[in-house]
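**Q** If you scroll down you'll find the structure; I have some questions about it.
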Amino acid sequence: MADFATTLSDKVGAAFASMGLDPAFGAVQRSARPELGHFQCNGAMAAAKAAGKPPREIATAIAGRLARDTVFATVEVAGPGFINLVVASEALAARGDALAKDPRVGAEVIANPRRIIVDYAGPNVAKEMHVGHLRATIIGDSLKRLFRFRGDTVWGDAHFGDWGYQMGLLIAAVHDEQPALLYFDDAFTGPYPAESPVVMADLERLYPFASARAKADPAERDRARRATAELQAGRPGYRALWAHFVAATRVVLQREFAALGVTFDLWKGESDADPLIAGLVTDLKERGLAVPDQGAMIVRVARDGDKKEIPPLIVVSSEGSSMYGMTDLATIVDRVNEFSPDLMIYCVDQRQAGHFEQVFRAADIAGYYPESQLEHIGFGTMNGPDGKPFKTREGGVLKLHDLIAMVREKAEARLRDAGLGADLPADEFAATALHVGVAALKFADLMNFRGTSYVFDLERFTAFEGKTGPYLLYAAVRIKSVLRKAEAAGFVGGAVTPTLPEERDLILTLDGFERALAGAYEKRAPHILAEHVYALAQAFSSFYASAPILPEPDASLRASRLTLATTVLKQLELGLDLLGIETPERM
Ligand code: ARG
């Protein structure tokens with residue numbers, strides 16, 4: 001059963017068509033002024049020109065045709081030619097029943113599912129994730145859920161930064177600290193020890209040190225480059241040591257992803273694309289697409305009409321190493337070979353837009369994969385009060401781990417202040433606080449259009465009032481509690497019979513789920529769904545204030561309201577889940 005926006009647009013469109021006008025003029029939307037109607041159609045104004053008639057005359061004629069349809073309680077013309085539509089209670093009741101019975105609570109499945117890779121998070125070896133990875137993780141995870149829920153086959157890939165010069169820097173630094181390790185012994189033939197000589201803390205300490213050292217000292221830089229080249233060429237000791245770097249980092253990263261409730265279907269690394277690079281370089285050279293330029297090999301990707309300069313993709317640097325761009329190009333080829341995707345989307349900071357433009361164009365020019373099926377989903381930054389990317393009080397980059405600890409602690413305090421969770425066992429209280437804190441972080445991020453940057457505001461994000469994750473969780477938990485009490489009292493749901501304006505409004509809001517999902521999906525914009533989820537919680541809150549459920553003496557009204565509450569909860573939890581937000585059972 002389609003939503004009202006669709007069925008009513010069809011009906012109003014048919015009325016336009018019967019007057020010889022384009023049915024597209026019949027598009028309706030939820031009314032901006034609910035006191036005038038549930039939906040409105042503004043098509044008469046646009047149609048006036050084509051029809052050569054005043055808009056009000058067209059609107060009046062349309063209204064006349066529609067008035068006979070029992071789906072409408074009233075159809076009225078206002079102002080210059082607005083058509084205001086009030087849906088009949090019977091139609092609302094039928095829609096309410098249909099939504100209640102639908103396991104997808106009104107959400108449809110797309111007609112042409114695709115195979116999609118979502119590249120998100122993008123953490124790196126030897127570096128704990130920091131706030132910069134937060135948005136890539138939250139937005140990417142939500143899009144992955146949304147695409148999958150709409151019916152696409154989706155692989156989420158962490159695209160682990162586990163390759164390149166950084167690895168050479170680390171190898172050289174470990175060599176200095178622990179020269180006796182078997183990994184550096186040319187005579188040793190293996191097997192190498194299973195236990196890692198380094199933990200994440202070592203890598204995090206060594207990396208900035210080695211990086212600064214190589215910047216200051218060309219000899220150190222060359223040494224790191226040689227180590228990188230030997231690693232990539234397959235020197236066994238280096239490969240074995242590198243595998244420890246990768247594993248040690250992953251353990252820590254998994255902990256952060258677990259706290260955020262984020263999982264991946266693929267955990268591929270940049271290293272997985274490496275074996276393809278040599279072949280691609282040869283191919284690009286042979287076909288004359290890669291050309292020499294100042295000692296490097298490049299693919300020119302600039303086009304006539306480019307508004308800004310798009311530099312060439314560097315295929316091989318003047319120092320003979322392959323670069324970030326080539327790694328991404330090879331990753332595209334690797335993904336095509338393994339998954340034959342119809343679409344690849346990259347959830348990466350807007351500041352990398354130029355990089356993706358180069359890579360996508362190069363893939364297209366080389367005929368590896370069409371640019372039209374590659375999308376960079378960029379986003380702004382999470383800023384501090386100074387409007388610059390969020391930093392610690394000392395001015396350093398804040399680790400994600402510390403950020404999560406911060407919101408969890410704040411959530412604990414908020415729960416205590418609100419007198420919530422007081423009777424929960426300690427471990428459940430801690431888990432709830434983590435949920436609330438993560439919900440605060442995620443919702444604050446997803447409620448804004450991803451392109452805009454926003455200011456991190458712990459006080460506001462974690463409040464139980466306002467447009468926040470905690471408010472939504474609380475709303476869901478409150479419904480759960482009502483439903484538990486109803487069950488204990490032996491009450492069961494029944495046919496939906498709206499009698500109050502708040503009940504009608506609640507059904508209409510539930511009905512808006514599909515539009516919100518479709519919008520979020522098409523625009524890759526989870527904030528549209530976040531908006532819906534918030535509107536739903538608010539509509540429920542108004543409904544519940546004027547239509548109490550348990551004290552209602554009329555059994556059929558009570559049953560109807562119980563069904564509505566159950567349906568709201570289902571849709572709320574589903575919507576939140578698609579935003580990556582898990583609802584606790586109680587608080
Ligand atoms: N690891 C990269 C970074 O930290 C992000 C990777 C984004 N994905 C990609 N396919 N390039 O900047």
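**Q** Calculate, for Lys101 and Ser542, the FRET efficiency according to 1/(1 + (r/R0)^6) with r their C-beta to C-beta distance and R0 35 Å; round to the nearest 0.05. Working shown, then result.
**A** Working: r = 24 Å, r/R0 = 0.69.
That pair, Lys101 with Ser542, gives E of 0.90.
**Q** Another question about this same structure. Straight-line reach from Lys49: which lysines have Cα under 28 Å away, leaving out those fewer than 8 places along the same chain?
**A** Lys11
**Q** Which percent, to the nearest 5, of DSSP beta bridges fully inside the chain are antiparallel? Write out the running numbers ahead of the final one.
**A** On the way: 22 of 41 bridges.
Taking every DSSP beta bridge with both residues in the chain, the antiparallel ones total about 55 percent.
**Q** Related question: Report the net charge of residues surrounding Val12, where surrounding means a beta-carbon distance below 15 angstrom and charges are Lys +1, Arg +1, Asp -1, Glu -1.
**A** Charge balance near Val12 sits at -1.
**Q** Could you point to the residue in Gln358, Phe429, Ala94 farthest towards the positive end of the chain's charge dipole, with +1 and -1 charges on the Cβ of Lys/Arg and Asp/Glu respectively?
**A** Ala94
**Q** For a protection proxy built on the mean count of beta-carbon atoms within 10 angstrom, sort 307-319, 565-577, 179-191 highest first, please.
**A** Details: 307-319: 15.4, 565-577: 21.5, 179-191: 11.7.
Going from most to least packed, we get 565-577, 307-319, 179-191.
**Q** Please state the charge dipole magnitude for the stretch 334-492, taken about the Cα centre, from unit charges on C-beta atoms (+1 on K and R, -1 on D and E), reported in debye and rounded to the nearest 20. Working shown, then result.
**A** Details: 19 positive and 22 negative charges, 110 e Å.
Computed charge dipole of the stretch 334-492: roughly 540 debye.
**Q** Go ahead and estimate [θ] at 222 nm for the chain from helices alone: -39,500 (n - 2.57) per DSSP H run with n ≥ 4, summed, over the residue count, rounded to 500. Mind dumping the intermediate values first?
**A** On the way: 20 runs with 316 residues, N = 587.
One gets -18000 deg cm²/dmol as the mean residue ellipticity at 222 nm.
**Q** Can you check what the net charge comes to around Ile365, using other residues whose Cβ is under 15 Å from the Cβ of Ile365 (Lys, Arg +1; Asp, Glu -1)? Intermediate results must be reported in sequence, preceding the final value.
**A** Details: positive: Lys285, Arg287, Arg300, Arg303, Arg361; negative: Asp283, Glu286, Asp304, Asp306, Asp328, Glu357, Asp364, Glu371.
Every neighbour counted, the sum reads -3.
**Q** Using only Cα atoms, what is the ratio of the radius of gyration of the stretch 197-308 to 2.2 N^0.38 Å? Numbers along the way, then the final one.
**A** Details: Rg = 19.0 Å, N = 112, 2.2 N^0.38 = 13.2 Å.
Ratio of Rg to 2.2 N^0.38 Å for the stretch 197-308: 1.43.
**Q** Considering amide H positions built from the backbone, and no H for Pro or chain starts, which residues 5 or more places from Val315, or on another chain, come under 5 Å of its amide H?
**A** Met297, Ile298, Val299
**Q** Also, quick follow-up: Could you check the spin-label model distance between Val397 and Leu182? Points 7 Å from the Cα along Cα→Cβ, value in nm.
**A** So the two model labels end up 3.4 nm from each other.
**Q** I've got another one for you. Nearest 20 debye, what's the magnitude of the dipole of the stretch 301-355 about its Cα centre given +1 on Lys and Arg Cβ and -1 on Asp and Glu Cβ? Before the final figure, lay out the partial values.
**A** On the way: 5 positive and 9 negative charges, 37 e Å.
Dipole size: approximately 180 debye.
**Q** Using 7 Å Cα-to-Cβ label points, what is the Thr74/Val109 separation (nm, one decimal)?
**A** With each label placed 7 Å out from Cα toward Cβ, I get 4.2 nm.
**Q** Under a plain spin-label model, where a point goes 7 Å from the Cα along Cα-to-Cβ, how far apart in nm are Tyr368 and Asp304?
**A** 2.7 nm
**Q** Let me ask something additional. Would you kindly state how much longer the chain becomes between Met406 and Ala2 on full extension, computed as 0.36 nm times their sequence separation minus their alpha carbon distance, in nm to one decimal? The partial results should precede the final answer.
**A** Values: separation 404, 0.36 × 404 = 145.44 nm, distance 4.38 nm.
The span from Met406 to Ala2 would gain 141.1 nm if fully extended.
**Q** What is the distance in Å between the Cα centres of the stretch 411-429 and the stretch 318-365?
**A** Measuring centre to centre over Cα atoms gives 46 Å.
**Q** Could you give me the radius of gyration and the Dmax of the stretch 222-288, taking only the C-alpha atoms into account and expressing both in angstrom?
**A** 16.2, 49
**Q** Using mean Cβ contacts within 10 Å as the protection proxy, how do 30-40, 522-532 order, highest first? Could you put the intermediate results ahead of the total?
**A** Working: 30-40: 16.4, 522-532: 20.4.
For the peptides 30-40, 522-532, the packing ranking is 522-532, 30-40.
**Q** Measuring from centroid to centroid over Cα atoms, what is the spacing of the stretch 562-576 and the stretch 119-155 in Å?
**A** Using only Cα atoms, the two centres lie 26 Å from each other.
**Q** Are there any helices in the chain, counted as whole DSSP H runs, that stretch 20 Å or more along their axis by Cα and score at least -1.0 on average by Kyte-Doolittle, and if so which? Before the final figure, lay out each step's value.
**A** On the way: long enough: 4-18 (21 Å, 0.67); 131-150 (29 Å, 0.05); 200-216 (24 Å, -0.14); 218-233 (22 Å, -1.34); 236-260 (36 Å, 0.47); 270-286 (24 Å, -0.07); 324-339 (22 Å, 0.10); 400-417 (25 Å, -0.40); 426-446 (30 Å, 0.92); 469-488 (29 Å, 0.29); 526-546 (31 Å, 0.52); 555-578 (34 Å, 0.52).
Span-like helices, by this rule, are 4-18, 131-150, 200-216, 236-260, 270-286, 324-339, 400-417, 426-446, 469-488, 526-546, 555-578.
**Q** Dividing the Cα convex hull volume of the chain by residue count, how many Å³ per residue is that?
**A** On the way: hull volume 117.5 nm³, N = 587.
Dividing the Cα hull volume of the chain by its residues yields 200 Å³.
**Q** What is the calculated FRET efficiency for Arg287 to Ala229, with r their C-beta to C-beta distance and R₀ = 41 Å, to the nearest 0.05? It would help to have the intermediate numbers written out before the result.
**A** Numbers: r = 26 Å, r/R0 = 0.63.
Efficiency, rounded to the nearest 0.05: 0.95.
**Q** Dividing the alpha-carbon Rg of the stretch 261-342 by 2.2 N^0.38 Å yields what?
**A** Values: Rg = 14.8 Å, N = 82, 2.2 N^0.38 = 11.7 Å.
In units of the globular-protein estimate, the stretch 261-342 measures up at 1.26.
**Q** In angstroms, what radius of gyration and Dmax does the stretch 89-194 have, counting Cα atoms only?
**A** For the stretch 89-194, the Cα radius of gyration and maximum Cα-Cα distance read 24.8, 84 Å.
**Q** Pairs Lys127/Lys467; Lys144/Lys442; Lys388/Lys442; Lys480/Lys523; Lys410/Lys523; Lys480/Lys570: which exceed 22 Å Cα-Cα?
**A** Numbers: Lys127/Lys467 33 Å; Lys144/Lys442 15 Å; Lys388/Lys442 20 Å; Lys480/Lys523 32 Å; Lys410/Lys523 33 Å; Lys480/Lys570 10 Å.
Lys127/Lys467; Lys480/Lys523; Lys410/Lys523, as the Cα separations exceed 22 Å there.
**Q** Hand me the GluC sites (Glu not before Pro) from the stretch 473-509 located in a DSSP loop with no more than 15 other Cβ atoms within 10 Å, in residue order please.
**A** Working: sites: Glu487, Glu502, Glu503; in loops: none.
For GluC sites (Glu not before Pro) across the stretch 473-509 that sit outside H, G, I, E and B with at most 15 neighbouring Cβ atoms in 10 Å, the list is empty.
**Q** Quote to one decimal, in nm, the extra length available between Ala535 and Asp342 on full extension: 0.36 nm per residue of separation minus the C-alpha distance between them. Walk me through the numbers before you get to the answer.
**A** Details: separation 193, 0.36 × 193 = 69.48 nm, distance 3.37 nm.
So the chain would gain 66.1 nm between Ala535 and Asp342.
**Q** Further question: Can you give the local net charge around Ala418? Use residues other than it whose beta-carbon is closer than 13 angstrom to its beta-carbon, Lys and Arg +1, Asp and Glu -1. Don't jump to the answer; show the numbers that get you there.
**A** On the way: positive: Lys410, Arg414, Arg416, Arg478; negative: Glu412, Asp417, Glu465.
Its environment carries a net charge of +1.
**Q** Using only the Cα atoms of the stretch 1-151, each taken as one equal point scatterer with no solvent, compute I(q) by the Debye sum, divide by I(0), and report log10 of the ratio at q = 0.11, 0.15 Å⁻¹.
**A** -0.61, -0.83
**Q** Dipole of the stretch 515-587 (Lys/Arg Cβ +1, Asp/Glu Cβ -1, origin at the Cα centre): which of Ser556, Leu578, Leu517 lies farthest to the positive side?
**A** Positive-most Cα among the choices belongs to Leu517.
**Q** Could you give the length gained by full extension between Ala430 and Asp577, i.e. 0.36 nm per residue of separation minus their alpha carbon distance, to one decimal place?
**A** Details: separation 147, 0.36 × 147 = 52.92 nm, distance 2.04 nm.
Between Ala430 and Asp577, full extension yields an extra 50.9 nm.
FYI, it's all coordinate maths here, none of it is from the lab. None of the values given here were measured: they were computed from a predicted structure. Glycine gets a Cβ as well: all are built from the backbone with ideal geometry, and neighbour counts include every protein chain shown.
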